Amino acid sequence: MAKDKTLYCCHACGGTSPKWLGKCPHCGAWNTLVETRAEPIASGKNRFDALAGSTGVVALADIEASQLQRSPTGVDELDRVLGGGIVAGGVVLIGGDPGIGKSTLLLQALDALQRAGLKTLYVSGEESGAQVALRARRLGLDGSQVNVLAEIQLEKILATLSAMQPDIAVIDSIQTVYSEQLSSAPGSVAQVRECAAHLTRAAKSGATSVVLVGHVTKEGALAGPRVLEHMVDTVLYFEGDTHSSFRLVRAIKNRFGAVNEIGVFAMTERGLKGVSNPSAIFLSQHAAPVPGSCVLVTQEGTRPLLVEIQALVDNGGPSPRRLSVGLERDRLAMLLAVLHRHAGVACMDQDVFVNAVGGVRVSEPAADLAVLLAIGSSLRGRALPKGFVTFGEVGLAGEVRPAPRGQERLREAAKLGFSVALVPKANAPKKPDPALAGLQIHAVERIEDAMALVRSLD
Ligand code: TYD
Ligand code: MG
């Protein structure tokens, strides 16, 4: 048995350090190291045993690559992010803020799977059986045959899994599960990691697919699901503003499918409903164009999505603020420097706020042009023309770079009735396209040309 040893573990990335440091040496986050104990695992095995069984040396060509056995969950938008359904023996982690809809979505999926003839198990650590039943009734899942176990002790959960051998088990949530073999508190990094490793091992040794639910906590009071990302096959995160009814589920890691695919749902009084044509849901409905608003055509996985980017530029104090919601803040500072240096538009003494409407997170650089045009529009107090859309990356030299799948983005904008598009030169259609008939397309190569062009459209 290994000796107990004090270790400091980062609750953001899961990295460890032998001594306490203000800054995590692995991910660079501040104040994330917490004291944990490196405890021996009950079975004495390596935690990573669960990830792949050990075999002798074999040539790659001689290994039989069996076809993945997938079960569609019956929730189309969830299947889309999973890459076609739950894989037998696969482990999925679903993270998201409390109250965003994780339990709701999984209960709906389990019910559909159970009705399709699979054996399902819902392990609830946060709600009693009665509460889960109440939720199921509310979701209209009367007569649901989903098996429910209200339990938080790992050993009992593992015993149930091995006795019952379900096709799919949901653990809601991994932070509530604890093992008596470890002395650290439930929800601590050590507990969460060890419990997840044991459940992963159970999934791989049987043919049970396991879905782990994890809360993302901003304060880091509980171990965030980030420490588990490397252990599991698929990582999905819920996004969206809990005040709006739309929710996005994004795949950020998927050993069995494409990443960055998104599923879009609307929260209704009867649970989450898939939105199969989501392109226009993130547009706010202004009666007339308003200054500081610019519509971006972003590409999420295989689907174009139109998102309104809003900017507010206002007189700041001695140290002006730069704040962004749904967009990267460091990139905002860089874009403001490019705007000043190459287009002569200065915001040094101004507060600049930017926001992607609807709680959606836009991480692709193709949002740059929309951010800058929204800032320019707010600064001038002039709205962009009615029916205006844009996309394109802006480089440090002031050049406007093309975005992938430009044609598809333009077609989606035209389909939704947009009439003016400002795009990078390389994304302008080379041949006439009948699908773009109603769209007037302006192509630019530099940020100063883009700013001049929108001024000429005033
Ligand atoms: P929940 O699935 O419990 O969130 P999580 O498991 O991620 O913490 O979702 C809870 C929220 O969803 C709650 O605020 C109420 C809302 N809700 C609906 O609007 N309609 C419904 O049918 C259900 C079941 C929940
Ligand atoms: Mg829940």
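The values are calculated or read from the model by the stated rules, or taken from the named source; none is laboratory data. None of these values were measured; they are calculated from a predicted model. Reconstructed Cβ throughout: ideal geometry from the backbone, glycine too, with neighbour counts over all protein chains shown. Please note that ligands, DNA and RNA were not included when accessible areas were found on the heavy atoms of the full protein model with its side chains. Shrake-Rupley method; radii C 1.70, N 1.55, O 1.52, S 1.80 Å.
Taking every residue in the stretch 266-286 that is modelled with pLDDT under 90 and pairing it with any residue that is open to solvent by 60 Å² or more (accessible area, probe 1.4 Å) and more than 16 Å from ligand 2 (Cβ to nearest atom), at least 6 positions away or on another chain, the pairs with Cβ-Cβ distances below 6 Å are Ala280/Leu416.
Evaluate the following for Asp49: is it acidic (Asp, Glu), open to solvent by 30 Å² or more (accessible area, probe 1.4 Å), touching a strand residue (DSSP E or B) at 6+ places or on another chain (Cβ under 9 Å) and modelled with pLDDT under 90? Write out each step before concluding.
Values: acidic (Asp, Glu): yes; open to solvent by 30 Å² or more (accessible area, probe 1.4 Å): yes; touching a strand residue (DSSP E or B) at 6+ places or on another chain (Cβ under 9 Å): no; modelled with pLDDT under 90: yes.
It is false that Asp49 is acidic (Asp, Glu), open to solvent by 30 Å² or more (accessible area, probe 1.4 Å), touching a strand residue (DSSP E or B) at 6+ places or on another chain (Cβ under 9 Å) and modelled with pLDDT under 90.
With respect to Ser71, determine if the residue is modelled with pLDDT of 90 or more and within 23 Å of Ser124 (Cβ to Cβ). It is false that Ser71 is modelled with pLDDT of 90 or more and within 23 Å of Ser124 (Cβ to Cβ).
Pro40 satisfies every condition listed in (1) in contact with a strand residue (DSSP E or B) (Cβ under 9 Å, 6 or more places away or on another chain); (2) modelled with pLDDT under 80 except (1).
Here are Gln114, Gln108: which of them is away from ligand 2 (no atom under 14 Å from the Cβ), modelled with pLDDT of 90 or more, within 25 Å of Thr160 (Cα to Cα) and polar (S, T, N, Q)? Write out each step before concluding.
Details: Gln108 fails: away from ligand 2 (no atom under 14 Å from the Cβ).
From the options Gln114, Gln108, the qualifying one is Gln114.
Condition test on Arg329, is it open to solvent by 60 Å² or more (accessible area, probe 1.4 Å), in contact with a strand residue (DSSP E or B) (Cβ under 8 Å, 6 or more places away or on another chain) and touching a residue at least 24 places away in the same chain (Cβ under 8 Å)? No. Just to be sure, is Leu369 more than 22 Å from Gln299 (Cα to Cα), under 27 Å from the mean Cα position of the chain (by Cα) and assigned to a helix (DSSP H, G or I)? No, not satisfied. Reported count of residues in the stretch 283-325, each being more than 17 Å from Thr390 (Cβ to Cβ), among the small types (Gly, Ala, Ser) and open to solvent by less than 30 Å² (accessible area, probe 1.4 Å), is 3. Residues in the stretch 99-124 that are surrounded by 24 or more Cβ atoms within 10 Å (Cβ to Cβ) and basic (Lys, Arg): Lys102 only. The criterion of being exposed (fewer than 13 other Cβ atoms within 10 Å of the Cβ) and over 27 Å from the mean Cα position of the chain (by Cα) does not hold for Ala343.
Hey, among the residues in the stretch 164-178 that are polar (S, T, N, Q) and outside any helix (DSSP H, G or I), which one's nearest to Val123 (Cα to Cα)? Looking at residues that are polar (S, T, N, Q) and outside any helix (DSSP H, G or I), I get Ser173. Would you call Asp233 within 19 Å of the chain's Cα centre (by Cα), over 25 Å from Arg135 (Cβ atoms) and assigned by TED's automatic domain parsing to the domain that holds Lys119? The answer is yes for Asp233. Scanning the stretch 179-192 for residues that are in contact with a Cys (Cβ under 9 Å, 6 or more places away or on another chain) and part of a helix (DSSP H, G or I) yields a count of 2.
Select from the stretch 142-190 the residues that are within 16 Å of ligand 1 (Cβ to nearest atom) and of a type in the set (Asp, Glu) and write down the one among them that is most open to solvent (accessible area, probe 1.4 Å). Looking at the filtered set, the residue picked out is Asp142. Return the residue satisfying two criteria in turn: it lies in the stretch 373-396 and is assigned to a loop (DSSP other than H, G, I, E, B) and crowded, with 24+ Cβ neighbours inside 10 Å, and of such residues it is farthest from the chain's Cα centre (by Cα). Within the stretch 373-396, the match that is farthest from the chain's Cα centre (by Cα) is Leu384.
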